[in-house]
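K.L.:
What follows is a single structure, and I will ask about it in a moment.
The values are calculated or read from the model by the stated rules, or taken from the named source; none is laboratory data. None of the values given here were measured: they were computed from a predicted structure. Please note: Cβ atoms are built from the backbone with ideal geometry, for glycine as well, and neighbour counts cover all protein chains shown. In case anyone asks, the SASA skips ligands and DNA or RNA and just uses the protein heavy atoms, side chains included. Shrake-Rupley method; radii C 1.70, N 1.55, O 1.52, S 1.80 Å.
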Amino acid sequence: MARPVTLFTGQWADLPVADLCPLARDLGYDGVELACWGDHAEVDRCDRAYASSRRELLASNDLELHAISNHLVGQAVCDRIDARHEAILPPHVWGDGDPEDVRKRAADEMIRTGEAAKALGLSVVNGFTGSSIWHLLYSFPPVPPAMIDDGFADFAARWTPILDAYRELGVRFGLEVHPTEIAFDTVSAERAIEALGGHPAFGFNYDPSHLGYQGVDYVDFIRRFSDRIFHVHIKDAWWSDQPKPCGVFGGHTNFGDHRRFWDFRSPGRGSVDFEEIIRALNDIGYDGPLSVEWEDSGMDREHGAAEAAEFVRALDFAPSAIAFDAAFEDN
């Protein structure tokens, strides 16, 4: 089994997609996971003709497409909207900036993203959900349980109509479990599923980089949610085995600051145990793409992305098709 090795284009949205596609091919990738920003996958333009043109562009560069991702708009569905969101949202979603109107327009855009995925012949949309309760993460002043309950109820109320539309379209949504989302570790992921009543269109874009530095068992996550791993990001993070001036919360420093306890690294250069991840993915029968989300503030990105493609291709392997001692059973 050779899983496709793809490149998530979110960190490359400064490049026109027509320039990025040949570059991705030359860097060693089998395909791309198109971000719904820049000009990579334009949701508001994605009719049948647009989808066909995107497919033709990819095919002309010998690239596959397995998923699109709309993290930025998805973030606004549940978030406490402020001035930061204007920088990440399309103008037609931001509108006049009224928070509740922004959330409603973001929800509508996420449904249109599902429609775009279907037009492109895809069954997976990845992204974020946002969260109305992330600011309550540290419980002081003490947070009454009812406030957390209300946050998960808000998430379910806003995302169930989106997920219902996805189910009708034959599309699934993969949340990238991540700080600032309704689910940021295993326990909150379980609670998100419960809040949605186990909605079949809701699952995960698995990314270990956001779990490991928190102290979350990122291999157990795969097995625990084996039927809801819809897509996989290969993204690495490094975390220190010694105390640092900035802890897990980051100390309001920028990525790349040497004082940080953790940071993102090019795949294979961090602390994530990808060997165990591949074994767990084999155990659950995942045969989808391994999509490199490349982030390393200390490395040239073309060098890093090429190195990452080689790393993932060497990393991947098929599970055994036989039992170890099967040859002795008839003797």
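K.L.:
On the first, second and third principal axes, largest extent first, how far apart are the outermost C-alpha atoms of region 203-269 in Å?
P.N.:
40, 21, 19 Å, listed from the longest principal axis down.
K.L.:
Provide Rg over Rh for region 93-171; use the alpha carbon set for both Rg and the Kirkwood Rh (inverse mean inverse pair distance).
P.N.:
On the way: Rg = 15.2 Å, Rh = 14.2 Å.
Here Rg/Rh amounts to 1.07.
K.L.:
Kindly report the accessible area of region 27-141 per residue (heavy atoms of protein chains, probe 1.4 Å, no ligands, DNA or RNA), in Å².
P.N.:
Details: 5050 Å² over 115 residues.
Counting only protein heavy atoms, the per-residue value for region 27-141 is 44 Å².
K.L.:
I've got another one for you. Could you state how much accessible area Met147 has, in square angstrom rounded to the nearest 10, with a 1.4 Å probe and all protein chains kept in place?
P.N.:
90
K.L.:
For region 1-155, taking Cα atoms only, what is the radius of gyration to one decimal and the Dmax to the nearest whole Å?
P.N.:
17.8, 57
K.L.:
For region 266-329, treating each Cα as an identical point scatterer without solvent, what Debye log10 I(q)/I(0) comes out at q = 0.21, 0.22, 0.24, 0.27 1/Å?
P.N.:
For region 266-329, the Cα-only Debye profile gives -0.90, -0.96, -1.07, -1.22.
K.L.:
Might you report the magnitude of the Cβ-based charge dipole of region 188-331 about its Cα centre, with Lys and Arg at +1 and Asp and Glu at -1, to the nearest 20 debye? All intermediate terms of the calculation are to be shown ahead of the outcome.
P.N.:
Numbers: 13 positive and 26 negative charges, 134 e Å.
Result for region 188-331 is approximately 640 debye, rounded to the nearest 20.
K.L.:
Let me ask something else about it. What is the mean projected area of the alpha carbon convex hull for the chain, to one decimal in square nanometres? Mind dumping the intermediate values first?
P.N.:
Numbers: hull surface 78.8 nm².
Dividing the Cα hull surface by four gives the mean projection, 19.7 nm².
K.L.:
Then there's this: Can you give the Rg to Rh ratio for region 158-299, taking only C-alpha atoms and Rh from Kirkwood? Before the final figure, lay out the partial values.
P.N.:
Details: Rg = 16.0 Å, Rh = 16.1 Å.
Taking Rg over the Kirkwood Rh, I get 1.00.
K.L.:
If we restrict to alpha carbons, what Rg and Dmax does region 53-109 come to, in Å?
P.N.:
Rg and Dmax of region 53-109, Cα atoms, are 14.9, 43 Å.
K.L.:
May I ask which residue of Ala189, Gly215, Pro142 lies farthest towards the positive end of the charge dipole of the chain, with charges of +1 (Lys, Arg) and -1 (Asp, Glu) on Cβ and the Cα centre as origin?
P.N.:
Among Ala189, Gly215, Pro142, the one farthest towards the positive end of the dipole of the chain is Pro142.
K.L.:
If region 55-147 were replaced by its equivalent ellipsoid, with semi-axes equal to the square roots of 5 times the Cα gyration tensor eigenvalues, what would those be, largest first, whole Å? Mind dumping the intermediate values first?
P.N.:
Working: eigenvalues 206, 51, 25 Å².
They are 32, 16, 11 Å, listed largest first.
K.L.:
Just tell me which aspartates and glutamates come within less than 15 Å, Cα to Cα, of Lys244; anything on the same chain fewer than 8 places away is out.
P.N.:
Correct list for Lys244: Asp257, Asp263.
K.L.:
Per DSSP H run of at least 4 residues, take -39500 (n - 2.57); add these up for the chain, divide by its residues and hand me the 222 nm value, nearest 500 deg cm²/dmol. Please list the in-between numbers first.
P.N.:
Details: 12 runs with 132 residues, N = 331.
Mean residue ellipticity at 222 nm (helix-derived): -12000 deg cm²/dmol.
K.L.:
Could you tell me the distance between the Cα centroids of region 42-107 and region 144-201, to the nearest Å?
P.N.:
What the calculation gives is 19 Å, centre to centre.
K.L.:
Ordering Val216, Val171 from largest to smallest accessible area (1.4 angstrom probe), what's the sequence?
P.N.:
The most accessible residue leads, giving Val216, Val171.
K.L.:
Rounded to the nearest whole Å², what accessible area per residue is found for region 216-331 with the 1.4 Å probe?
P.N.:
Working: 6360 Å² over 116 residues.
Value returned for region 216-331: 55 Å² of accessible area per residue.
K.L.:
I've got another one for you. As a test of understanding, state the convex hull volume per residue of region 90-233 from its alpha carbons, in Å³. Can you show the working numbers first?
P.N.:
Working: hull volume 17.5 nm³, N = 144.
Output value, Cα hull per residue: 121 Å³.
K.L.:
Using amide H atoms built in the peptide plane, which far-off residues or other-chain residues are under 5 Å from Glu33 H to H?
P.N.:
Close amide H contacts, sequence-distant or interchain: Leu7, Phe8, Thr9.
K.L.:
From Cα pairs below 8 angstrom and at least 6 apart in sequence, can you work out the relative contact order of region 210-331, rounded to a whole percent? Don't skip to the end; give the middle numbers.
P.N.:
Details: 154 pairs, mean separation 33.0, N = 122.
Over region 210-331, the number comes to 27 percent.
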